[in-house]
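Below: the structure, in structure tokens.
Values quoted throughout were computed directly from the atomic coordinates according to the rules given, and no laboratory measurement underlies them. On a predicted model such as this, the values are computed, not experimentally measured, just so you know. Cβ placement follows ideal geometry from the backbone for every residue including glycine, while neighbour counts extend to all protein chains displayed.
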Amino acid sequence: MLELQQHDEIDPLCPFCDTPLSQLWFSELRGMMGKRYVYFCPHCAKVIGISHRKGFWMG
Ligand SMILES: [Zn+2]
């Protein structure tokens with residue numbers, strides 16, 4: 001059993017540029033499959049995740 005703990009005091013690191021992320025930028029994509037949101041690092045602009053719905057991580 002893996003325990004999930006919330007730690008808002010630590011900023012997650014970008015997996016690409018190792019910069020602490022105090023913000024995550026996103027952009028809306030529209031296409032045949034409907035709307036998608038692409039989340040990316042504001043420092044290196046690499047894509048961290050894509051979601052079907054705003055605010056839902058990798059959902
Ligand atoms: Zn980055």
Using unit Cβ charges (K, R positive; D, E negative) and no other charged atoms, how large, in debye to the nearest 20, is the dipole of the chain about its Cα centre?
580 debye
Mean 1/r over all different Cα pairs, inverted: what Kirkwood radius does segment 12-59 give, in Å?
11.1 Å
